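Undergrad: This is the structure, below, for whatever I ask next.
The values are calculated or read from the model by the stated rules, or taken from the named source; none is laboratory data. All values derive from a computational prediction rather than experimental measurement. Ideal geometry is used to build each Cβ from the backbone, glycine not excepted, and the neighbour counts take in all protein chains shown. Ligands, DNA and RNA are stripped out before the accessible areas are found, and what is left, the full protein with its side chains, is counted by its heavy atoms. Shrake-Rupley method; radii C 1.70, N 1.55, O 1.52, S 1.80 Å.
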Amino acid sequence: MRVFVFDLLPYAEHLDHLKDGKELPWPLPRRHFKPEVAVRTYAEHLATWEAMDRLGYDGVGFNEHHTSPYGLMNSPNLLAAAAAQRTQRLKLLVYGNLLPLHDPLRLAEELAMLDCMSNGRIVSGFARGIPREHNVYKVPLADSRARFEEAWEIIRRAWTEEVFSYEGRFWSYRDVAIWPRPVQAPHPPVWVPVTGSKETIEWAGRHNIPITPGLAPIRGLREDIIRYYARCLAEHGHRLTPDHLIIQATAYVADSKAQAVREAGPYLLYFNQTLFSHGNITEASLQRDAGYLSPASFDYVRPENLHAVSGSRERYRDMTLADVERDAEQWPWGTPDEVTERIIAAADHAGASTVLVNMNRGAMPQEMFLEQVHRFGSKVLPALQSHTVTAR
């Protein structure tokens, strides 16, 4: 198995005191931003990624979000450039650039630069982005999917063709040959996160692109996504393998389950109650009304699993420590043996050869995050990396 750590780079100061009822103000005005906290956030996370490199993790992942303390990774490519100079072997998972929002030729060029700067260590994830980002960038939600698919076609051609021209609905180019080109041939590995929409699954199956099945590690929804993805792959002449799947796991290594809940629980609550829905439409019904989802986006999901894609923000805002304690009984939280066993069991069940581990969901103090990286790295990582997942 390969083990990546997914890092959201949350602003390193809790802001609960700014909430109006259950919600942070939107937009969050400049007066609440402290430059010294942002400077510290970047420095601490880069130092932690250096530690991951030394400890033998396979990769680190980060994504793109905007205008929120949810995460200070507005440009994941800048983060990858910095990390490329601070690490030697760690894969750099950009998970991912938001294709509907940016000029795809510029993204193709930047990612090619990064692959050269890192000597072929880039894993290029592409995503549509959440509704908040489309609203900020004034990109109609109803155009999101078409822009995503057109941008991918442009990037693929820029990476692989000698010279290309393109006339599209959103972008057009004539006689372009990018320099530099990626180190990895024909291009860096491409992954796509799937929160649940069937259109993304169909796109990934059509192009034989690995997926992360589900926003959260919910077993029933993950089964539905993988089943439908396997069918889509087969329709286009591809076969599902363990390398097609990247599962997520929220892990915390402690001396006991109770200690894990006591130490990590408050930070998970901060993420869920304060950061997760900040300025964003999470409800599937509202996303359909806005044109971001189609009426059929979840029609492949079994009825008992539809709650997992409903996106009800109250489910996050109203979470309590008692809820965390109950749910943690099924999570890889606790002793190294339990964390190892639960992650391996989930990977075997899914048939996934890669796990994307969340260790810092809610702006943990740096010493706590770094301790988790070391404890997981010494007590869990070797067993995971020595485990082989076979096809389901």
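Undergrad: Can you compute 3J(HN,Hα) from phi for each residue in region 147-153, using the Karplus curve 6.51 cos²θ - 1.76 cosθ + 1.60 with θ = phi - 60°, rounded to whole Hz and x for Gly and Pro?
TA: 5, 4, 5, 5, 4, 4, 4
Undergrad: Springs between alpha-carbon atoms under 10 Å, Gaussian network over the chain: tell me which of 323, 224, 348 tops the mean-square fluctuations.
TA: 323
Undergrad: On the first, second and third principal axes, largest extent first, how far apart are the outermost C-alpha atoms of region 58-163 in Å?
TA: 41, 40, 19
Undergrad: Using Cα-Cα distances under 8 Å and only pairs 6 or more residues apart, what relative contact order does region 284-371 have, in percent? Show your work: numbers first, answer last.
TA: On the way: 25 pairs, mean separation 11.8, N = 88.
Relative contact order for region 284-371 comes out at 13 percent.
Undergrad: Also: Using only Cα atoms, what Kirkwood radius does region 156-232 have, in angstroms?
TA: Working: mean 1/r = 0.0685 Å⁻¹.
With all distinct Cα pairs of region 156-232 included, I get 14.6 Å.
Undergrad: Tell me, what is the per residue accessible area of the chain in Å², probe radius 1.4 Å? Write out the running numbers ahead of the final one.
TA: Numbers: 16230 Å² over 392 residues.
Accessible area per residue, the chain: 41 Å².
Undergrad: Give me the Kirkwood hydrodynamic radius of the chain, using the inverse of the mean 1/r over all pairs of distinct Cα atoms, in Å to one decimal. Display every interim value, and only then the final one.
TA: On the way: mean 1/r = 0.0466 Å⁻¹.
Radius from the Kirkwood sum: 21.5 Å.
Undergrad: Rounded if a/c is under 1.5, else prolate if a/b beats b/c, else oblate: with a ≥ b ≥ c from the C-alpha gyration tensor eigenvalues square-rooted, which is region 27-106?
TA: On the way: a/c = 2.55, a/b = 1.26, b/c = 2.02.
The shape class here is oblate.
Undergrad: Calculate the spin-label point distance for residue 43 paired with residue 137, positioning each point 7 Å from the Cα along the beta-carbon direction, and give it in nanometres.
TA: It is 3.1 nm.
Undergrad: On a C-alpha basis, how far is the centre of region 166-217 from the centre of region 249-288 in Å? Whole number, if you could?
TA: 28 Å
Undergrad: Oh, and also: In sequence order, what are the phi-derived ³J(HN,Hα) couplings for region 68-80 according to the Karplus relation 6.51 cos²θ - 1.76 cosθ + 1.60 with θ = phi - 60°, rounded to whole Hz, with x for glycine and proline?
TA: 7, x, 3, x, 9, 10, 4, 10, x, 5, 5, 4, 5
Undergrad: Beyond a 29 Å Cα-Cα separation, which of these cross-linked pairs lie in this structure: 138/198; 22/138; 19/257; 91/379; 22/379? List each step's numbers first, then the result.
TA: Values: 138/198 25 Å; 22/138 26 Å; 19/257 31 Å; 91/379 21 Å; 22/379 38 Å.
Violating the 29 Å limit, Cα to Cα: 19/257; 22/379.
Undergrad: Right, another one. When the Karplus curve 6.51 cos²θ - 1.76 cosθ + 1.60 is applied with θ = phi - 60°, which whole-Hz ³J(HN,Hα) does each residue of region 297-306 get, with x for Gly and Pro?
TA: 4, 10, 6, 8, 7, 5, x, 5, 10, 5
Undergrad: In deg cm²/dmol and to the nearest 500, what is the mean residue ellipticity at 222 nm of the chain if only DSSP H runs of at least 4 residues count, each as -39500 (n - 2.57), divided by the residue total? Mind showing how you got there, number by number?
TA: Details: 14 runs with 163 residues, N = 392.
Value at 222 nm, helices only: -13000 deg cm²/dmol.
Undergrad: Here is a follow-up. List the residues whose amide H sits under 5 Å from the amide H of residue 122, counting only those 5 or more places along or on another chain, with H placed 1.01 Å from N in the peptide plane.
TA: Distant-sequence amide H within range of residue 122: 92.
Undergrad: Which percent of the accessible area of the chain is formed by carbon and sulfur heavy atoms (probe 1.4 angstrom)? All intermediate terms of the calculation are to be shown ahead of the outcome.
TA: Values: 8530 of 16230 Å².
It is 53 percent, rounded to a whole number.
Undergrad: Using only the alpha carbons, work out the radius of gyration and Dmax of region 272-392 in angstrom.
TA: 17.7, 48
Undergrad: Report, by chain and number, residues whose modeled amide H sits under 5 Å from the one on residue 5, excluding near sequence neighbours (fewer than 5 apart, same chain).
TA: Amide H neighbours of residue 5, under 5 Å, 5+ apart: 59, 60, 61, 357.
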